[in-house]
Each structure stands twice: as structure tokens, then as C-alpha cells.
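Throughout, read-outs are computed from the coordinates displayed, never taken from laboratory work. Just so we're clear, the structure is a prediction, and the values are computed from it rather than from any experiment. All Cβ positions, even for glycine, are placed from backbone atoms using ideal geometry, and neighbour counts span all protein chains on display.
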Amino acid sequence: MSRRIRKHANPFTVATHLGPLDRAAIFGREARLELDLGCGGGAFLFERAAAHPDRDFVGLEIRKPLVDDNNRRADRLGLANLRFFYANANTNLADQPPGVIERFFIMFPDPCFKKRHWKRRILQPALVRDMATVLPMGGQVFAQSDIRPLAEEMFDFLAQESALSSVLGSDLEVESPFSERTEWERHHETAEEPVYRMLFEKVAAPSGPVAEPEFRDTNPKRVHADGRPVEVIDPAYRLGAPDPSTPDER
Ligand SMILES: C[S@@+](CC[C@H](N)C(=O)[O-])C[C@H]1O[C@@H](n2cnc3c(N)ncnc32)[C@H](O)[C@@H]1O
């Protein structure tokens with residue numbers, strides 16, 4: 001039976017309170033843990049969990065049907081080291097015990113093009129602070145986007161956090177240091193479209209106030225008075241273009 005999975009969900013309507021992730025209860029062990037925030041259909045984690053049976057993986061996602069499908073698929077594949085939770089990543093990291101989650105992934109986050117929706121963007125200074133707080137020293141945050149101004153915003157928010165240091169420099173057009181691919185990443189690689197990536201590592205304990213987010217306008221649909229697009233970042237976002245052929249969209 002086919003079901004319709006919503007293309008967008010509003011993170012502010014997801015009230016799930018996960019509390020501290022109980023690794024013994026979830027995985028029956030306390031192995032190295034990695035989290036994918038906004039994992040969508042979970043392609044990246046399915047590949048990664050199969051390739052690293054010694055580690056455990058958690059995907060957080062605000063579209064419940066995807067979470068349920070992903071968990072069923074993990075069961076079917078016998079991936080006992082992979083679990084998905086219906087939860088807003090922005091409100092569930094501060095509860096996590098420090099030193100347990102070794103790596104965060106934030107990949108192709110929703111750009112929330114409309115100004116009134118910018119505050120829904122997942123990668124914000126408060127989330128960066130939460131990640132920097134719970135990571136062990138040397139723990140990592142990997143992020144990527146296909147939308148250059150959004151990737152620059154993400155880089156700025158991560159770089160503002162003095163506890164984190166960029167591992168790949170500031171050139172965002174770099175190869176992925178990981179062999180696994182997300183759905184969106186595959187889509188853009190097949191279409192030979194650029195992807196902007198960044199990897200940060202925890203080098204110090206976080207301190208000082210958390211910056212207010214200075215969001216960037218990433219809307220490719222703005223047009224000049226004569227109708228020319230102000231900025232076309234990616235053909236997938238041109239006015240009137242079909243949606244990218246993936247389970248997710250913006
Ligand atoms: C464009 S999709 C990318 C999915 C996947 N990371 C990929 O690269 O294929 C962004 C995903 O993030 C989810 N999302 C947005 N805000 C979130 C939040 N605050 N917490 C958890 N998931 C969120 C959306 O529901 C959507 O599935």
C-alpha cells in the first residue's frame with residue numbers, strides 16, 4: 001500500500017523528549033556512537049552501520065513515517081547497531097551525557113527558504129553549542145549542503161564556536177572524507193552538481209555566550225524587476241523545475 005510522506009515537517013511541532021540515549025537499552029552494549037541529525041531515509045546510516053558493526057548509529061528525524069520505515073528496514077537487514085528516533089534534533093542534544101556521542105552528521109539540511117522559516121533551520125549556534133558540549137575531545141561534526149550560501153552559513157555557525165576547529169580548512173568544495181552517501185548526496189553526484197562540505201573537531205571545552213544566529217538569505221527564487229533570477233544556486237531549485245527525485249524535498 002502506498003502512503004504519502006509529507007515533504008516538510010515543522011520541527012517546532014515535534015514534542016518528543018528522548019532524554020539521555022540509553023545505549024545499553026537500545027543496543028545492548030555501550031559502543032562508539034554516531035548521530036545523524038535530520039537523516040531522512042537514512043541511506044547514509046544504513047551504509048555506515050553495515051560497514052562499522054563495532055559502532056552504533058542513531059538517526060533523528062521529524063517525519064515519523066520515515067522513522068518507522070527506517071526502523072523496519074534496519075530490523076529486516078539485521079542491523080542491530082542502527083536505530084531511528086522521531087525527534088527534533090534541536091531540543092534533544094542538551095540532555096545527552098558528555099563524551100558518549102563521537103560524531104554528528106548534518107547533511108543537506110532543509111534550507112527553509114522563506115524568511116519567516118529561517119528559525120527552523122537545524123544548524124544554528126545553539127545546536128552547535130550543544131554538540132560541542134556533548135562531544136568528547138577530538139569528536140567531530142560533519143556537515144554538507146548543495147546550497148552554497150546555506151553551507152557558508154553553516155560553516156560560520158560552526159567556526160564561531162571556539163570549542164571547534166575546522167579540519168578541512170575553509171574551502172567548502174572538498175571531497176567527502178566518508179565513503180557512505182546520503183540520498184541527497186547521491187542525487188547531486190549523479191547530476192554532477194557541487195556539494196559543499198565541512199568537518200570540525202572538538203579542540204576545547206565550550207565557553208562564553210552562544211551567538212545569536214545571523215541567518216543568510218538562501219532563496220534562489222528571488223527575481224530582479226525584469227524577472228531574471230537574482231541567484232540560481234542549483235537547477236533543482238529553479239522556479240518551475242521538477243522536485244529532485246528523492247524522498248525528501250525542501
Ligand atoms: C533535505 S532532507 C535531507 C535528508 C538526508 N540527510 C539526506 O541528505 O538525504 C532534511 C531532513 O531533515 C529533517 N529535519 C529537519 N529539521 C529537523 C530537526 N530539527 N530535527 C530532526 N530532523 C529534522 C527533515 O524532515 C528532512 O528529512
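Observations
- Each residue in S170, S162 was given a count of other beta-carbon atoms within 10 angstrom of its own, and listing them fewest first yields S170, S162.
- Fraction of antiparallel bridges per DSSP, the chain only, in percent to nearest 5: 35
- Backbone phi angles across region 67-84, fed through the Karplus curve with coefficients 6.51, -1.76 and 1.60 (θ = phi - 60°), yield HN-Hα couplings of 4, 5, 4, 4, 5, 4, 5, 4, 4, 4, 7, x, 8, 6, 9, 9, 9, 10 Hz in residue order; Gly and Pro are listed as x.
- Burial ordering of H188, H52, fewest other beta-carbon atoms within 10 Å first: H52, H188
- When the C-alpha to C-alpha distance is required to be over 23 Å, the pairs from K115/K202; K64/K115; K7/K64; K64/K202; K114/K202 that qualify are K115/K202; K64/K115; K64/K202; K114/K202.
- Whole-number percent relative contact order across region 29-217, with pairs defined as alpha carbons under 8 Å at least 6 apart: 22
- A compact globular protein would have a Cα radius of gyration near 2.2 N^0.38 Å; the ratio found for the chain is 0.99.
- Per DSSP, loop chymotrypsin sites (Phe, Trp or Tyr not before Pro) in region 143-201 with at most 16 further Cβ within 10 Å: none
- Exposure proxy shown here: for M131, M137, M154, M198, the number of other Cβ atoms within 10 Å sets the order, fewest to most, as M137, M198, M154, M131.
- Using the Cβ-Cβ distance between A80 and H17 with R0 = 25 Å, the FRET efficiency computed as 1/(1 + (r/R0)^6) comes to roughly 0.50.
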